[in-house]
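A short worksheet on the structure shown next.
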Amino acid sequence: MLIKDKVALVTGGAAGIGRTIAIVFAKEGAKVIVTDCNDEEGKKTVEMINDAGGQAIYRHLDVTHPENHEAVVAAACEEFGRLDIACNNAGISGEFRLTAEHTPETWQQVIDINLTGVFYGVRAQIPAMLNNGGGSIVNIASILGQVGLEEISPYVAAKHGVVGLTKNVALEYGSKGIRCNSVGPAFIKTTLVNNLPKDVRSQLESMHALGRMGETEEVANLAAWLSSDRASFITGNYYAVDGGYLSR
Ligand code: NAI
């Protein structure tokens, strides 16, 4: 087991990649605090983990509320004694529009959730990890943290921001035992992607060197490995899990 007996917090754990990260963290031995703003589905993730013999609790967390982050970190310390690992995963795609057609509102919503939400996360997680002599943070960025894609400027800007924020956390807290890395998935088979018309899916598949989209487990496996002591000399980096998408 990669992260046996570690205490791990996951944001956006009610669906898609975040749900799988929570499940894989538990399979790899961690006690998991599953968080989301969708309480019903978040609790289902916890049931799935506990039914499979893992250990998890659910707490409500809207990533745009700094006090929610502080509360879930406090819950981790109360329930499980400390916080070793955090995976800041919650995110939305936002609306697809050309840059000049985005409004202050469509811009701000994506920045608030995808970038400021990660800042509020690390801001609450770092002090708890410092109390404990260190820890590991994995921020879920995107291939769009490295390159652009038409009609999705707020998302591209937010994900580039996550990659930069990750580097700064690594620089500032590395000597105190905290590692921080970002993971950049390409197109992953979550509900949104699975519901696209077949021809759009085929086109997306062909953009990956491997000729297919990714599975949520393929992202979760990397997040678990980066969170583990096997990655003890790795910090500040961006890791694509993209089936060769960025090789073009
Ligand atoms: P999803 O839509 O399946 O799940 C996202 C989860 O985040 C949901 O449970 C949702 O309730 C939660 N969430 C949304 N807003 C929230 C908020 N304000 N506070 C707390 N939770 C909130 O999305 P998916 O695909 O699993 O994405 C997860 C992460 O992976 C996101 O950061 C996304 O940008 C990133 N990503 C996804 C890719 C994909 O192809 N699915 C590709 C690259 C990156």
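The values are calculated or read from the model by the stated rules, or taken from the named source; none is laboratory data. Bear in mind the structure is a predicted one, so any value in this text is a computation, not a measurement. Cβ: placed from backbone, ideal geometry, glycine included. Neighbour counts: every protein chain shown. Just the protein is used for accessible areas: all its heavy atoms, side chains included, with ligands, DNA and RNA removed. Shrake-Rupley method; radii C 1.70, N 1.55, O 1.52, S 1.80 Å.
Long-range amide H contacts for Ala86: which residues qualify at under 5 Å (H placed 1.01 Å from N, peptide plane, sequence gap of 5 or more or a different chain)?
Distant-sequence amide H within range of Ala86: Leu9, Ser136, Ile137, Val138.
Given a cut-off of 27 Å, what percent of all Cα-Cα pairs of segment 1-132 lie beyond it?
In whole percent, the share of Cα-Cα pairs in segment 1-132 beyond 27 Å is 20.
For the residue pair Ser93 and His60, what label-to-label distance in nm results when each label sits 7 Å from Cα along the Cα-to-beta-carbon direction?
The answer from the label model is 2.9 nm.
By how many degrees, between 0 and 90 and to the nearest 10, does the Cα long axis of helix 66-80 differ from the longest principal axis of the chain?
40
Whole-Hz Karplus ³J(HN,Hα) for segment 153-161, in order, using 6.51 cos²θ - 1.76 cosθ + 1.60 and θ = phi - 60°, x for Gly and Pro?
The phi angles translate into 3, x, 5, 4, 5, 4, 6, 4, x Hz.
Taking the Cα atoms only, what angle lies between the long axis of helix 216-227 and the longest principal axis of the chain, rounded to 10 degrees?
Result, in degrees: 40.
When the accessible area of the chain is computed with all protein chains present and a 1.4 Å probe, what percentage of it is carbon and sulfur?
Here carbon and sulfur together make up 51 percent of the probe-accessible area.
Across segment 82-155, what fraction of all alpha-carbon pairs, as a whole percent, falls in each successive 5 Å bin from zero upward?
3, 16, 21, 19, 14, 11, 8, 5, 2, 0
Accessible area per residue, 1.4 Å probe, Å², for segment 1-147: what's the number?
Heavy-atom accessible area per residue stands at 42 Å².
Taking the Kirkwood radius as the inverse of the mean 1/r across Cα pairs, report the Rg/Rh of the chain.
Taking Rg over the Kirkwood Rh, I get 0.95.
Given a cut-off of 24 Å, name the pairs among Lys6/Lys176; Lys6/Lys44; Lys4/Lys176; Lys27/Lys189; Lys6/Lys43; Lys167/Lys189 whose C-alpha atoms lie farther apart than that in the structure shown.
Beyond 24 Å between Cα atoms: Lys167/Lys189.
Given an 8 Å cut-off on Cα distances and at least 6 residues of separation, report the relative contact order of segment 20-124 as a percent.
25
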